[in-house]
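Q: So that we are looking at the same thing, I have put the structure below in structure tokens.
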Amino acid sequence: MNDRIRQLMDQMSAIEEDLRVALQEQEASALFQIKGKRIEFEKSIRLAHRRLKTGFFRWLVAYRPQNLITGPIIYGMIVPMAILDLLISFYQAVCFPIYGIAKVTRADYFVYDRQHLEYLNFIEKFHCTYCAYGNGLVAYATEILARTEEYFCPIKHARKILGTHAHYSRFLEYGDAADYEVRLEKFRVGLGKKK
């Protein structure tokens, strides 16, 4: 990787950190506080949220019928998702210590905080929990697979691809064979330090 690209990547990392801090500051100025795992809104906001809540029967009557019809398909995906969760966690638990790769912290990818929103009824909260699990699982699995790819094959593709993981930009250029084994070992050593 040339110095210009490394410099741009460092600038991107600094900007991402600045964005993270700015978002946290914005959340801090919002009308809620995070206390451990609990999120607390100001009393006036809680009352306004409760007034906006749609009751179950009203929600059921007003709900889009196509959503009710496709519900069994959507929620049937819990079986393959749970299997993926079990298998990817097992893979990481067994293989990452052998490879010297730092484990991915599962809790960093699964956030269940929408149940604190008073304007959602219990069905809407259930939907939100399901979506949080599915998206968290995909992000968790992506990070495990990204670290695996960085260990075994940290080489960019010849063709441009959409949706690359966070590690991809550091990968070696396609076709750049100079000192490949030495650089591969540097990737592997670095993977033991990630958190």
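Coordinate-derived values only; no laboratory data. Everything numeric in this text was worked out from a predicted model, so none of it was measured. We place every Cβ from the backbone using ideal geometry, glycine too, and count neighbours over all the protein chains shown.
Q: Just how large is the dipole of segment 62-191 about the Cα centre, in debye to the nearest 20, putting +1 at every Lys and Arg Cβ and -1 at every Asp and Glu Cβ?
A: Once rounded to the nearest 20, the dipole reads 160 debye.
Q: Still on this model: Hey, for a label at ILE39 modelled as a point 7 Å past Cα toward Cβ, could you say which residues of segment 91-126 have their backbone N under 13 Å away?
A: 111-120, 125
Q: If you take the square roots of the eigenvalues of the alpha-carbon gyration tensor of segment 58-140 and sort them as a ≥ b ≥ c, do you get rounded (a/c under 1.5), prolate (a/b over b/c) or oblate?
A: Oblate is the answer for segment 58-140, as a/c is 1.5 or above yet b/c matches or exceeds a/b.
Q: Say each of VAL138 and ASP108 gets a label point 7 Å from the Cα, pointing the same way as Cα to Cβ; how far apart are those two points in nm?
A: The answer from the label model is 2.0 nm.
Q: Simple spin-label model, 7 Å along Cα-to-Cβ: ALA177 to TYR130 in nm?
A: Going from the ALA177 label point to the TYR130 one covers 5.2 nm.
Q: Calculate, for ASP18 and LEU87, the FRET efficiency according to 1/(1 + (r/R0)^6) with r their C-beta to C-beta distance and R0 41 Å; round to the nearest 0.05. All intermediate terms of the calculation are to be shown ahead of the outcome.
A: Values: r = 37 Å, r/R0 = 0.91.
Efficiency, from the Cβ-Cβ distance: 0.65.
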